[in-house]
Amino acid sequence: MAARGWYLVGAPWDCSGLGRGERLAPAALRAAGLSDLVPDDAGDAPIVIDDDRRDDATGVRALGQTGRAARVLADWLDAAAGRRPGGRPLVLGGDCSLLLGVLPWLRRDRNRVGLWFVDGHPDFLDGPSSPTGETADMDLALLTGSGPEQLTAPAGLAAPLVAPADVVLLGHRTRDLDPEAAAEVARLPDTIRRFDAPAVAGAPRRCGESAAALLADVDGGVWLHVDCDVLDPAALPAVSYPEPGGPNPGQLADLLEPLVASPRLIGVSIADFRPDLDPGGAHAATLVALLGGLLTESPDG
């Protein structure tokens with residue numbers, strides 16, 4: 001069954017600048033059956049990040065290219081949406097810093113947007129505290145206004161791109177953390193509402209329903225972002241930074257169903273799957289099955 005009202009946008013975004021496997025995911029997911037599920041395909045945004053140097057002033061890797069990639073993706077999304085009035089995009093990463101293009105696109109004609117951020121990590125480091133300088137370590141911090149202005153307030157938009165109070169973080173790990181990971185969690189603003197991995201695994205649907213209710217008043221709509229490393233690596237190890245203690249695919253589906261069913265939903269992004277670590281394609285098939293169950297049950301499906 002095809003998902004009606006949705007269209008694909010590929011974002012082969014690799015913030016490491018090293019040609020890591022995330023950039024291969026849009027093609028791999030299409031080949032695994034996603035093109036049958038969502039036949040309307042706007043193609044891949046021509047994203048180029050091949051600089052692995054860190055900016056001297058900020059510590060951010062590939063800062064200039066990342067800013068350009070964000071503009072390219074925002075423009076691509078704008079053009080795709082213009083040809084599909086009323087449709088909703090399913091953006092295929094690439095890594096999770098693709099949101100640095102998604103949120104500026106949303107803010108072009110919306111004063112206020114929300115974000116359901118489903119991730120095994122809080123992504124709240126900065127250039128100096130990140131061991132790599134990769135924007136995937138800090139994308140939520142950047143989106144909520146902390147970091148270099150060319151990423152936090154691009155193209156004249158006012159920072160933050162999304163207010164911390166309009167973010168719900170779900171699935172991040174909070175148990176058995178090393179000191180660096182614990183310090184990252186401590187950096188989160190109190191105004192970001194959270195449902196950690198133990199809460200999600202224990203009552204996934206209740207967490208999803210609560211997260212939907214928390215952002216029900218965001219009149220500009222809410223974006224749903226899913227980082228594949230939210231899943232327990234026993235279920236999906238094909239990611240760059242696996243973290244134990246996450247939900248299984250069934251629990252993740254239960255979490256996401258109320259969010260996908262929300263009338264506030266604008267679109268969805270899937271990030272950080274590495275098909276180079278999935279040579280048989282089994283994990284790609286798991287993700288496509290998960291998306292199929294969600295999108296064909298949505299209000300437009």
Spans of helices (runs of 4 or more DSSP H) in the range 1-117 with at least 3 residues under 25 Å from L295 (Cβ atoms), within 14 Å of the chain's Cα centre (by Cα) and hydrophobic (A, V, I, L, M, F, W, C): 99-107
Complete set of residues in the range 165-185 that are closer than 22 Å to L214 by Cβ and surrounded by fewer than 19 Cβ atoms within 10 Å (Cβ to Cβ): A165, T174, V185
Filter result (in contact with a helix residue (DSSP H, G or I) (Cβ under 9 Å, 6 or more places away or on another chain), of a type in the set (D, E, K, R) and touching a residue at least 24 places away in the same chain (Cβ under 8 Å)) within the range 108-137: R108, R112, D119, D123, D126, E134
Selection from the range 152-164 of residues that are in contact with a helix residue (DSSP H, G or I) (Cβ under 6 Å, 6 or more places away or on another chain) and closer than 29 Å to G208 by Cα: T152, A159, L161, V162
Exclusive hit being closer than 22 Å to L37 by Cβ and buried (at least 23 other Cβ atoms within 10 Å of the Cβ), set L255, L265: L255
Criterion (under 12 Å from the mean Cα position of the chain (by Cα), under 23 Å from R23 (Cβ atoms) and not polar (S, T, N, Q)) met by exactly one of L143, L170: L143
Residues of the range 1-19 classified as buried (at least 18 other Cβ atoms within 10 Å of the Cβ) and over 21 Å from A74 (Cα atoms), total: 1
Residue within the range 81-99 that is over 18 Å from E22 (Cβ atoms), small (G, A, S) and without any contact (Cβ under 8 Å) to a residue 60 or more places away in the chain present: yes
Residue count for the range 89-124, restricted to those that are more than 10 Å from L140 (Cα to Cα) and of a type in the set (F, W, Y): 2
Members of the range 45-59 that are in contact with a strand residue (DSSP E or B) (Cβ under 8 Å, 6 or more places away or on another chain) and either modelled with pLDDT under 95 or surrounded by 20 or more Cβ atoms within 10 Å (Cβ to Cβ) (or both): A45, I47
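So that you can scan it fast, the table gives a plain yes or no per residue for (1) under 23 Å from G156 (Cβ atoms); (2) modelled with pLDDT under 95; (3) surrounded by fewer than 17 Cβ atoms within 10 Å (Cβ to Cβ):
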{"site": "E22", "(1), (2), (3)": "no, no, no"}
{"site": "P39", "(1), (2), (3)": "no, no, yes"}
{"site": "A62", "(1), (2), (3)": "yes, no, no"}
{"site": "Q65", "(1), (2), (3)": "yes, no, no"}
{"site": "A69", "(1), (2), (3)": "yes, no, no"}
{"site": "D78", "(1), (2), (3)": "yes, no, yes"}
{"site": "V102", "(1), (2), (3)": "yes, no, no"}
Residues satisfying the stated conditions in the range 192-230, i.e. without any contact (Cβ under 8 Å) to a residue 24 or more places away in the chain, among the small types (G, A, S) and farther than 24 Å from P244 by Cβ: S210, A213
Test: residue in the range 140-149 that is without any contact (Cβ under 8 Å) to a residue 12 or more places away in the chain and closer than 20 Å to A57 by Cα: yes
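The values are calculated or read from the model by the stated rules, or taken from the named source; none is laboratory data. As the structure is a computational prediction, the values presented were derived from the model and not from experiment. In this analysis, Cβ positions are derived from the backbone assuming ideal geometry, glycine residues included, and neighbour counts consider all displayed protein chains.
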